[in-house]
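None of the figures in this text is laboratory data; all of them are computed from the coordinates on show. The shown structure was predicted, so the numbers you read here are calculated from the model rather than taken from an experiment. Glycine gets a Cβ as well: all are built from the backbone with ideal geometry, and neighbour counts include every protein chain shown.
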Amino acid sequence: MSGDLPIDIVWLKDFLPISNFLNITETREKFLSYLIFDELYEQHSGIYTCYASNAAATTNYSAPLLVKGMFHKWCGIAVSQSVAKVIFLTAYT
């Protein structure tokens with residue numbers, strides 16, 4: 001999508017608003033939004049959709065996430081020793 005700010009970005013899981021119960025953090029920068037999972041469990045599996053819109057247009061992109069088992073910061077991927085983060089979907093506008 002191209003155009004001017006402001007750009008409204010909305011994330012959905014399985015075509016519904018993402019539940020706070022899932023403990024997913026959205027981080028935004030000017031033309032960027034991404035989801036951060038501190039830990040991953042099977043209930044995080046689903047179809048994640050990002051909608052981006054401004055005065056000129058609306059667009060969306062969906063991607064599936066399948067989690068088998070669970071992810072903990074001590075199992076592998078970590079940004080730092082104290083914080084485990086998995087960056088899953090990134091929306092560039």
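Please give the net charge around LEU22, taking every other residue with its beta carbon less than 13 angstrom from that of LEU22, where Lys and Arg add +1 and Asp and Glu add -1. Don't skip to the end; give the middle numbers.
On the way: positive: LYS13; negative: ASP14, GLU26, ASP38, GLU39, GLU42.
Here the charged neighbours net out to -4.
Count charges around ALA55 for me, please; just the other residues with Cβ under 11 Å from its Cβ, Lys/Arg as +1, Asp/Glu as -1. Spell out each step's value before the answer.
Numbers: positive: none; negative: ASP4, ASP8.
Cβ neighbours under 11 Å give a net charge of -2.
Can you put PHE31, PHE15 in order of Cβ neighbours within 10 angstrom, beginning with the fewest?
Values: PHE31 14, PHE15 10.
Lowest count first: PHE15, PHE31.
At a Förster radius of 22 Å, what calculated FRET efficiency corresponds to the Cβ-Cβ distance of THR27 and ALA56, to the nearest 0.05? Please report the intermediate quantities before stating the final value.
Numbers: r = 24 Å, r/R0 = 1.10.
The pair THR27/ALA56 has a calculated efficiency of 0.35.
Going through the stretch 24-68, which trypsin sites (Lys or Arg not before Pro) have at most 14 other Cβ atoms within 10 Å and a DSSP loop state? Write down the numbers at each step before the final one.
Values: sites: ARG28, LYS30, LYS68; in loops: LYS30, LYS68.
Sites meeting the loop and neighbour criteria: LYS30, LYS68.
For the residues SER33, SER19, what sequence is obtained by ranking on other C-beta atoms within 10 Å, fewest first?
On the way: SER33 19, SER19 11.
Least to most surrounded, the residues fall as SER19, SER33.
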